[in-house]
Structures are given as structure tokens and as C-alpha cells.
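To start, the structure itself, in C-alpha cells.
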Amino acid sequence: MIKLNKSEAPDYLNDETVERLTVLFKDTGNNVWNHEKIKDALLLSSSSKCAYCECKLNAESNYMEVEHFEDKGSNPEKVVIWDNLLPSCKRCNGAKGAHDVLAEPIINPFLIDPKSHLGFKLYRLTDKTNVGKNTIDVLNLNHSERAVFKRFEIGEQVLSSIRDAHDRYQVWLKRGKTTRSKNILLGGIEGLLLECQPCSSYSATAATVLHCEPSYTKLVEILKEKGLWSDELEKLHDTSLELVLECA
Ligand SMILES: [Zn+2]
């Protein structure tokens, strides 16, 4: 989970429409939130990812659901209030159900930075606070198959890309420092860092594994020493560093 910034409310949700839809929901229980303009604006604010688990949405068989942070059953007044809506996957939305976030607060990543409440150990999320613990339990964020195993796969991919980068560095060094071998080396590192940006799926995991891995730190040192580290790579590196969860 990473900190997100909400885009502007869609024009569709003007005062008049909000009032009309709220009355309609109270009267009929209709899915008044299920509108393309609401869904598109939510997807835009999370790079088309679930706000909680960071899986990509709208891929085949992984459609977005509009999540009501404060449950719509207990708080019907907020059924289409923009600040109460989040883009979520079916599993996170289903796990959260009608959980009362006022009685037992969980992280709303549009409002608070998950880093303050969550840590990371052996591909599991750890809690630093009660809010962190509630979040993990309520959203089932340490479910072994859908969460922990997925993080493991992403982490292994990151570690494998770091190893490849070290190998490519050796090729560059030993084969006469050609432009071709340099481009292959730097292209690989750029690709690795792109996997750790806020727009990528499971970016908190990818960034945490990357920055907690000593051989990555070593690689950056070597490339800086050889004058190969560019401003562009530094920018991507810094952005990914913002997403890192504390490793235990
Ligand atoms: Zn999710």
C-alpha cells in the first residue's frame, strides 16, 4: 500500500446529482455509485490499482469496485461523497465488508501515509500501530496466496533484475565499455526502477525489496563511481525510495 492523492471529483458528482443519488439510494438501495465517470476518476487517482493491495484493476477478470470507506449501509449520506470513495479490487472490498472504520480505524491511503503504520518482513506486512494492525486484519493483507505469495513473486523478480544488472556491469567492464553494453546495462536498471514507481502494481513491495537489498546499494555506488548513474536514474531511485516500508 502506498500514499495516494485524490484527483478532483468528476463533474458528474455536482451537488444536485449527489443529492439526487443519495435520495435514490436511501429509497431503493440501487448501486448509484456504479457510474463510469465515478469509476474513471477513481482509477485515475490510483494509476488503475486497488488502493489497498496495489493489484492492477480493469485487467481481464480483475474489475474495479467502488469501495465506500465509511460503510454505505451505516452512512448512507456518504454513498456518493467523493472523499468516501476508493478504487478497490473485489477481494479487498469483500474482505472489508461493512467494517466500521470509525470504531476501528484502518488506513485510508488517500488521507494517511501507510508507511507510518505498516512495516515489511519476509513478504508479510507488519504493524507499527493499531491502525496498521486493523488494516492488515480487516483487508486480509497477509493472505498467503493472494498477498504474501504475490509479494514473493514480485520480490524475486526485483532480486533477479539486480543480479542481471551486476552481470551486465561485468560485461560492460570486460568487453571494452562499448555503447551497446552500456545501453543494455542502463536499460535494465531503468526497467527495474520503473517496476518500483507509484504507477506500477505492488510498488511498495518492489521498492522495499529493492532498497533493502545491499547488492542494489552496491550497484548504485559502482555506477556512480564509473560516471554511469544519470539524473534520470537518480529521479526514479528517489521516487521509489518514498514508497519503502520499514524492513524488519
Ligand atoms: Zn485489493
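The values are calculated or read from the model by the stated rules, or taken from the named source; none is laboratory data. Computed from a predicted structure; not experimentally measured. FYI the Cβ positions are ideal-geometry reconstructions off the backbone, even for glycines, and counts take in every protein chain you see. To get the accessible areas, we keep the full protein, side chains included, count just its heavy atoms, and leave off ligands, DNA and RNA. Shrake-Rupley method; radii C 1.70, N 1.55, O 1.52, S 1.80 Å.
I'd like to know if the range 168-183 contains one or more residues that are more than 19 Å from ILE2 (Cα to Cα) and under 28 Å from the mean Cα position of the chain (by Cα).
As a first pass, look at the range 168-183 and keep what is more than 19 Å from ILE2 (Cα to Cα): 168-183.
Going one step further and asking which of them are under 28 Å from the mean Cα position of the chain (by Cα), we end up with none.
Taking every residue of the range 168-183 in turn, none turns out to be more than 19 Å from ILE2 (Cα to Cα) and under 28 Å from the mean Cα position of the chain (by Cα).
How many residues are open to solvent by less than 20 Å² (accessible area, probe 1.4 Å) and under 21 Å from the mean Cα position of the chain (by Cα) if we restrict to the range 210-225? So the count comes out to 1.
Closer than 23 Å to LEU118 by Cβ and surrounded by 12 or more Cβ atoms within 10 Å (Cβ to Cβ), is that true of GLU242? The answer is yes for GLU242. Checking each residue in the range 108-148 for being touching a residue at least 24 places away in the same chain (Cβ under 8 Å) and in a strand (DSSP E or B) picks out LEU118, GLY119, PHE120, LYS121, ARG124, LEU125, THR126.
Taking the criterion of being at pLDDT below 95 and within 30 Å of THR208 (Cβ to Cβ), would at least one residue in the range 3-26 satisfy it? Yes, the range 3-26 has at least one match. Within the range 64-83, the set of residues being more than 16 Å from the ligand (Cβ to nearest atom) and either open to solvent by 50 Å² or more (accessible area, probe 1.4 Å) or in contact (Cβ under 8 Å) with a residue 60 or more places away in the chain (or both) comprises LYS72, GLY73, SER74, GLU77, LYS78, VAL80, ILE81, TRP82, ASP83.
Quick grid of which residues meet (1) crowded, with 16+ Cβ neighbours inside 10 Å; (2) touching an Asp or Glu at 6+ places or on another chain (Cβ under 7 Å); (3) in contact (Cβ under 8 Å) with a residue 40 or more places away in the chain:
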residue	(1), (2), (3)
ARG163	no, no, yes
GLY176	no, no, no
PRO198	yes, no, yes
ALA204	yes, yes, yes
THR208	yes, no, yes
GLY227	no, no, no
ALA248	no, no, yes
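Annotation note: of LEU86, LEU111, LEU122, LEU118, the sole residue that is away from the ligand (no atom under 15 Å from the Cβ), among the aliphatic types (A, V, I, L, M) and either on the phi > 0 side of the Ramachandran plot or surrounded by 14 or more Cβ atoms within 10 Å (Cβ to Cβ) (or both) is LEU122.
Between GLU60, GLU153, GLU145, GLU67, the distinction of being at pLDDT 95 or above, of a type in the set (D, E, K, R) and out of contact with any Leu (no Cβ under 6 Å at 6 or more places or on another chain) belongs to GLU153 only.
Residues in the range 1-21 that are of a type outside the set (Asp, Glu) and either in the same structural domain as ILE106 (by TED's automatic domain parsing) or farther than 30 Å from ARG151 by Cβ (or both): ALA9, PRO10, TYR12, LEU13, ASN14, THR17, VAL18, ARG20, LEU21.
The single residue among LYS56, LYS49 that is within 16 Å of the ligand (Cβ to nearest atom), basic (Lys, Arg) and within 17 Å of ASN108 (Cα to Cα) turns out to be LYS49.
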